[in-house]
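Encoded as structure tokens, the structure appears first; notes follow it.
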Amino acid sequence: MKEGNRLFYTANEDEIKRGDTTDVYLARTRDILKACETDKEVVAEISCGSLPDNWDYGVFAGVEQALNLLEGYPVDVECLPEGTVFEPRDYGGVRIPLLNIKGRYSDFCMLETPLLGLLCQATGIATAASRIKTLAGDKKVLSFGVRRMHPAIAPMIDR
């Protein structure tokens, strides 16, 4: 059964770019900030709190998609390059920032959920692929990852 004009239950690029796929509490946060006139410039840090099974490193990925999402919004972005190997925390246990966004929170809060989704999904796949390749050594590794994933993200998985 089709819902509306959609064949599949996926958001299109415009809906993602507008922030239509965000968590409802972020829309409420934006409305409160504007209503209370307390919308100041902030720096939001995107970090990794932990990795599965106590893995000691991750591979940061999804940067191009994240920058495409934020393009056109009044924010400044600093981040690690695509493919950077990172540890989630420093020696003191403090999370290490992977990406920083500077601007008024109301200008980009609607993008928080899709931003995290783009980065987390790509980073998780890149990290798992790295671990498999490390274990394989000089052996060739082939990807059959799209077989069990949503087909809408197949291009991201196979790149």
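Bear in mind that the values in this text are calculations on the coordinates, not laboratory data. This structure is a prediction, so every number in the text was calculated from the model and none was measured. Please note: Cβ atoms are built from the backbone with ideal geometry, for glycine as well, and neighbour counts cover all protein chains shown.
Rounded to two decimals, what is the ratio between the C-alpha radius of gyration of the chain and 2.2 N^0.38 Å? Don't jump to the answer; show the numbers that get you there.
On the way: Rg = 17.8 Å, N = 159, 2.2 N^0.38 = 15.1 Å.
Relative to the 2.2 N^0.38 Å estimate, the chain comes out at 1.18.
Taking 0.36 nm per residue of sequence separation and removing the Cα-Cα distance, the Cys120/Lys34 pair yields an extension gain of 28.1 nm. Shown for the range 13-137: lysine pairs separated by 8 or more places, or found on different chains, whose C-alpha atoms are under 27 Å apart, numbering 5. In debye, nearest 20, what is the charge dipole magnitude of the chain about its Cα centre with +1 on Lys and Arg Cβ and -1 on Asp and Glu Cβ, if you could check? That gives a dipole near 620 debye. Which net charge results when you count Lys and Arg as +1 and Asp and Glu as -1 among the other residues whose beta-carbon is under 14 Å from that of Gly117? Net of charged neighbours comes to -4. Dividing the mean sequence gap of close Cα pairs (under 8 Å, 6+ apart) by how many residues the range 2-159 holds gives a relative contact order of 30 percent. Using a cut-off of under 19 Å, list every residue of the range 15-35 whose amide N is near the label point 7 Å from the Cα of Glu71 along the Cα-to-beta-carbon line. So the set is 15-20.
The mean of 1/r over all distinct Cα pairs in the range 30-109, once inverted, gives the Kirkwood hydrodynamic radius of 14.2 Å. The stretch between Asp23 and Ser143 holds 40.0 nm of extra length on full extension. This uses 0.36 nm per residue minus the Cα-Cα distance. Here the residues Val42, Val63, ranked from fewest to most Cβ neighbours within 10 Å of their Cβ, fall in the order Val42, Val63.
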